[in-house]
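Following: one structure in structure tokens, then a few remarks.
Every read-out reported here was derived from the displayed coordinates using simple, explicitly stated rules and does not represent laboratory data. Since we're looking at a predicted model, the values are computed, not measured. Please note: Cβ atoms are built from the backbone with ideal geometry, for glycine as well, and neighbour counts cover all protein chains shown.
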Amino acid sequence: MAARVLLIEDDARLAVMVSEYLGEAGFRVTHAGNGRTGIEMAAREPFDVLVLDLMLPDIDGLEVCRAVRARFDVPILMLTARGDAMDRIVGLEMGADDYLPKPFEPRELLARLRAILRRNRSAGAGIAAAGDAGAAKLLRFGRLEIDRDARTASVGGAVKALTSYQFALLVALAEHAGRVLSREVLMDLLQGEPLEAFDRSIDVHVSRLRAAIEDDPKKPRRILTVRGAGYVFARAQD
């Protein structure tokens with residue numbers, strides 16, 4: 001079945017170009033010309049991924065991201081022409097899964113959308129358990145429980161709100177507990193695009209994970225930083 005894309009973009013010519021290109025690649029694209037219409041469309045019918053322009057005529061794209069993420073579990077790819085790293089970081093912190101600066105090559109947009117959808121499927125099935133029928137569906141580390149089938153993470157029974165990317169990242173870390181994983185290795189495990197030298201999106205997502213699952217995010221005990229090397233998921237946890 002063709003993946004459904006909701007494109008929230010006020011540039012009509014760009015929207016037509018993107019819709020036609022993704023349509024030829026097998027996607028079903030629905031276009032919203034402003035933020036409020038996009039939120040309403042997302043509420044009416046399910047989409048597999050949302051492509052969101054940050055600069056919209058009615059409300060800021062970051063507010064759209066916040067509103068959608070608060071109500072729906074749909075991956076979000078942001079489009080930004082601002083060129084400001086802070087906008088990208090804020091967007092990721094609000095729950096976006098990836099971003100693409102304007103102007104962009106349609107082929108890169110297609111590649112990133114496919115990567116997001118692969119990660120989403122991997123998160124549902126369990127990354128390392130995909131070919132292992134005997135793998136446990138639940139991962140437990142003290143009070144932290146990760147349910148790969150339900151795609152939920154809970155601490156002490158309280159379910160934590162995570163994006164699909166963040167859940168996939170948590171599963172990747174947990175399934176390699178005790179091993180130091182570099183950012184490049186994590187991106188490879190998540191089947192995503194290679195990190196650019198200035199791209200610190202993994203750090204932002206780790207920060208969001210810590211805020212969700214750590215008792216004290218400023219003093220993490222579950223996801224630890226190994227300076228100059230990457231991150232390690234602690235085997236022993238409370």
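Each residue, Arg66 and Val16, gets one label point 7 Å from its Cα in the Cβ direction; the gap between the two is 3.5 nm. The simple spin-label model puts a point 7 Å past each Cα toward its Cβ; for Lys102 and Thr152 those points are separated by 3.9 nm. Once the Cβ-Cβ distance of Ala81 and Ala229 is raised to the sixth power relative to R0 = 35 Å, the FRET efficiency obtained is 0.50. Stretched out straight at 0.36 nm per residue, the stretch from Ile59 to Glu45 would grow longer than its current Cα-Cα span by 2.9 nm.
By the count of neighbouring beta-carbon atoms within 10 Å, fewest first, Thr37, Thr30 end up ordered Thr37, Thr30.
Once the piece of chain linking Arg140 and Arg36 is laid out straight, how much longer is it, given 0.36 nm per residue of separation minus the C-alpha distance between them? Show your work: numbers first, answer last.
Values: separation 104, 0.36 × 104 = 37.44 nm, distance 4.02 nm.
Residue separation times 0.36 nm, minus the Cα-Cα distance, leaves 33.4 nm.
Here the label points at Lys218 and Asp203, each 7 Å from Cα along the C-beta direction, are separated by 1.9 nm in the simple model. Annotation: lysines with alpha-carbon distance below 27 angstrom to Lys218 (same-chain offsets under eight excluded): Lys160.
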